Structure formats: structure tokens, C-alpha cells
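Data block below; observations after.
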Amino acid sequence: MGRRMYDLWADIGNTPQIHVIRAIVKELREYSIYITGFNRGEVVQLLEIYGLRGKVFGSDKYDSLLKPYPFVKRSVKLMFRAPRAKMLLSFENAMPIPAGKLKGMKIFLILDNDLKVILRTPIFQRATSWLKRFANFILVPKVAEENFKRYFKEVIPYQGYKEHIYIADFEPDPSFIKMIPVEEYVVLRPESLTSLYVLHNKSLVPEILRLLKREGVDVVYLPRNKKEKKLAEGFKNVYIPPKALDGLNLIYHSKATLTGSGTMAREAAVMGVPAVSFFPRERLLAVDKDLVERGKMLHSREPEEIVEYVIENWNRKRKGDFKTAKRTKKQIIEYIKNNI
């Protein structure tokens, strides 16, 4: 890395983060930017697909007991290997914060998961939330502002959701459907049961797949690892892509998107696609609660209700929320440019 001073260092710690970071750096071409990544989910594949030239440090452990180890190891390594930069940009990712503070950077942190800071979580999750307090700028969705204010002294609210940031410039690719071996399908992403803020150990995926099979519905299934892949064994109506696909096109062309996490359901809801979250907690993120209350997303842990919703909304695509998306992205970009 030498002694070069960059305008911006962006660190990517998980799959959803890459979409946010990619959308932002596209608008900062006049600035020098250094990108680093963590080998978790589809981060490495998507860095290549999107042409983001980044250095990868560390790999995740899909075991809740071992999970803190690679995070701590990577944070320490970044203190020695991170570039010199004026600003660190991170989304929901505390790993680069110690390095950013050590090297005198302004830290620009975008958050949307208020459950991490308002609920009692495992000690390591609480430690990462504490690290986020060292950020100079903390941007949060307006609908989650009050929850974040209970933990951080000062936050900066933005309109919409983080998904708006990168859906703002989305243009559907009509030829994408040729990459899928079925004409009509639903997308299914399992729960992230190893996440530190998810205190649950049973997946609904096998039962949802059984019910979808009974209805003759084909499924594009997106496991993160071998353990999640096993949940779909024996189902002939399931297609597992051999490599990472363009997630937004995959969702846009689907009949419905179902996820045990939150991001893909929000992406679907913002684009007008029937969206289902089976996130394994009774209390939802504020952004998800907002979408449910506005009738843009179903949240349920009942497989029968989920599949019934899919069938009832099979051809009921809504108008996408692209105007809000453009406003949200513009607000974020202007704030970064004004503070680099």
C-alpha cells in the first residue's frame, strides 16, 4: 500500500454491505478510494462480478461459538494493513473502526439494524456495538432514529432504507431470466442462524420447500454455506445457482422473494415484488416493521401462511419505490462529499 494517502477507505464485511458500498463509490469517481473485503457469504464473488478491485482479509466461521475469533483477528490485522485515508466508510461493520481511529480517519458509519443496540445480545455483539460509538458520523434510517438515539449520543437520519441507496440506479435486464433454468420461480434465502443477534436454532426452510413443492412452485435457493445447503436436500423443485448471481435482477424477475434475514425482503418490497420475511425474532428491525405496517411486506414464522401469501400474490407486482430511492442516495452522497 505504500505511503499513499487515499480520500476514502471502504471496508466490506458481508454480502448486503457490498451493494451499499458499490452504489456509493460509483458516485465518488473524482476521489481516490481503497476497498477491502472479508470472505463472508458472496463478498469475494461479488467483488469480482462488480469489478471492485479490493484486497480481501480474513474469512468467516459459520459457528456461533467461533464467530468472534475471525472478527477480532481481522480487526487487529487491519490496524497494520489498512491504507492511510482521510475517511473510512463502513456499513454495519465494526471491524475496520479500530484501524480507522488509529490512523486518524474520520469514520462514516451507515446503520440500519437497531436490534443490535436496543436488545440484550451476546457479549461480542455488544462489544461491536460499543466500537461503533467511535464513529464521527452515524447515519440511520429516519424510521429507526429514536431507537438508535437510545444508544448513540448523536445520529443523522436519512429518508428511506439502506436498500434505496443501491436500488436507485437499478435497471432490469430482460436477458437475465435466461440464466435461470425455470421461467417462473420464487427466491428463498434461509435464516442466518449463526448471526450473533439471532437467538434461534431452527430453520423453516425444509417445511416451506415442502409446501411450495406441493403447490408446484419452483425455487431458486440461496444458501450461504454447506449447512444451509443441506436444508434443501431431496427437493427436486429447487435450483441452487453454482455461483453468485445479480441479486437485484434475480429478485425483480421472481414471483416472490422469501428470506429469513431482512435485506432481500426489503429489496423486493422496494422494487414492488411480493416480499416475505421469516426473520426468527418476534421483534423486527424498525425498517421491517415500517414495511409491514405499510403493507409492503409480510412477516411470519408460519410456513402455511407464508406459502398462502405467495400463491395469493403470484401476479401482483406493485410499482417500485424508485423516486424515494434516488432521493435517499442523493442525500447520502452529498453528506459524504461534504465531509471528506
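Observations on the model:
- Selected residue (only one of ILE306, ILE333, ILE240, ILE251 is over 30 Å from MET105 (Cα atoms), surrounded by fewer than 22 Cβ atoms within 10 Å (Cβ to Cβ), at pLDDT 95 or above and outside the structural domain of THR15 (by TED's automatic domain parsing)): ILE240
- Residues in segment 1-47 that are in a helix (DSSP H, G or I) and β-branched (Val, Ile, Thr): 8 in all.
- Lone unmet requirement of (1) buried (at least 18 other Cβ atoms within 10 Å of the Cβ); (2) farther than 23 Å from ALA268 by Cα for LEU139: (2)
- Yes/no for SER261 being assigned to a loop (DSSP other than H, G, I, E, B), within 18 Å of the chain's Cα centre (by Cα) and among the hydroxyl-bearing types (Ser, Thr, Tyr): yes
- Residue list for segment 82-107, filter: assigned to a helix (DSSP H, G or I) and either acidic (Asp, Glu) or crowded, with 20+ Cβ neighbours inside 10 Å (or both): ILE97, ALA99, GLY100
The values are calculated or read from the model by the stated rules, or taken from the named source; none is laboratory data. Every value quoted in this text rests on a predicted model; they were computed, and no experiment measured them. Every residue, glycine among them, receives a Cβ derived from its backbone with ideal geometry; neighbour counts consider all protein chains shown.
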